[in-house]
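**Q** Sharing a structure here in structure tokens format.
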Amino acid sequence: AAVAVLISGTGSNMLALLDAMAADGFARPVLVLSNRPDAAGLAKAAARGVATAVVDHRDFRGDRAGFDAAIDAELTRAGAEIVCLAGFMRILGADFVTARAGRMLNIHPSLLPKYPGLDTHARALAAGDVVHGCTVHEVTPELDAGPMVGQARCAVLPGDTPDLLAARVHGLEHQLYPAALRRFVAGEREPVLLEG
Ligand code: GRF
């Protein structure tokens, strides 16, 4: 399967996916695309010989449909069959998402359905949760709400701060996303469940 990864920043999840595909060959990366020209992940992808593209959201102020169409054109040009959102910080429109139903994944730093949206680690701490983690899910028009493809859990420790908890979850993400994508590409629908 031809996989495209969408990023906005460091791209550590994107790197984990590229390295897993390079190691096992269960899929092949055809594009890494960012909405930000300065995303550090772009250089990392290029260094691994993966094609990159930028669709700068600032060129499409107030034109969400135009932004989505520009991304769709890049994905089509690259022949992407599966799209992985990995730290991609823009919300894609319902038309774009619906057109790729069942072929687009996202990783979110919480045990969905708990804490969709932002600031998930601070919210878990504020709630006094003793377990936290991350989820890979199929992308649907509703934010952070699609069918689960995998989940990784870790303990919340005494003295945890949002940053400490985020770092622990981030490490789990790098294990979960490749395992979840591998299973998704294989057509298996049993979710990946990891204990960190
Ligand atoms: C991660 O916390 C991920 O859960 C969220 O974006 C953050 C940055 O990811 N989706 P990355 O390091 O850029 O892959």
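Values quoted throughout were computed directly from the atomic coordinates according to the rules given, and no laboratory measurement underlies them. Predicted model, so just to flag it, every value in this text is computed and none were measured. No Cβ is skipped: glycine too gets one built from the backbone with ideal geometry, and neighbour counts run over all protein chains shown.
**Q** Pull out a ≥ b ≥ c, the square roots of the eigenvalues of the alpha-carbon gyration tensor of region 126-196, then state rounded if a/c is under 1.5, prolate if not and a/b is larger than b/c, and oblate in the remaining case.
**A** Judged from the Cα gyration tensor, region 126-196 comes out prolate (a/c at least 1.5, a/b above b/c).
**Q** Now for a separate question. Helix-only mean residue ellipticity at 222 nm, the chain, DSSP H runs n ≥ 4 weighted -39,500 (n - 2.57), per residue, nearest 500. What is it?
**A** -11500 deg cm²/dmol
**Q** Within the P(r) computed for region 1-127, what percentage of the Cα pairs occupies the region above 26 Å?
**A** 22 percent
**Q** Would you mind telling me the antiparallel percentage of the DSSP bridges in region 22-166, rounded to 5? Mind dumping the intermediate values first?
**A** Working: 11 of 17 bridges.
About 65 percent, rounded to the nearest 5.
**Q** Can you put His57, His132 in order, fewest other beta carbons within 10 Å first? Write out the running numbers ahead of the final one.
**A** Numbers: His57 17, His132 28.
Lowest to highest Cβ neighbour count: His57, His132.
**Q** In Å, what is the Rg of the alpha-carbon atoms in region 107-164, and how long is Dmax?
**A** 11.4, 37
**Q** Another question, if that's okay. If we sort 42-48, 17-23 on the protection proxy, mean other Cβ atoms within 10 Å, highest first, what's the order?
**A** In descending order of packing, they fall as 17-23, 42-48.
**Q** On to the next question. Can you give the convex hull volume per residue for the Cα atoms of region 157-196, as a whole number of Å³?
**A** 62 Å³
**Q** Here is a follow-up. Measure out, as a whole number of angstrom, how far apart the alpha-carbon centroids of region 97-163 and region 55-82 sit.
**A** Region 97-163 and region 55-82 have Cα centres spaced 25 Å from each other.
**Q** Scan region 57-148 for GluC sites (Glu not before Pro) in coil per DSSP, keeping those whose Cβ has at most 13 other Cβ atoms within 10 Å, and list them by number.
**A** Glu142
**Q** Quick one: order His108, His174 by neighbouring beta-carbon count within 10 Å, fewest to most. The partial results should precede the final answer.
**A** Values: His108 21, His174 18.
Fewest-to-most Cβ neighbours within 10 Å comes out as His174, His108.
**Q** Provide Thr52, Thr98, Thr135 in ascending order of the number of other Cβ atoms located within 10 Å of each residue's Cβ, fewest first.
**A** Thr98, Thr52, Thr135
**Q** Could you tally the net charge around His121, taking each other residue with its Cβ under 15 Å from the Cβ of His121, Lys/Arg +1 and Asp/Glu -1?
**A** Combined, the nearby Lys, Arg, Asp and Glu give -2.
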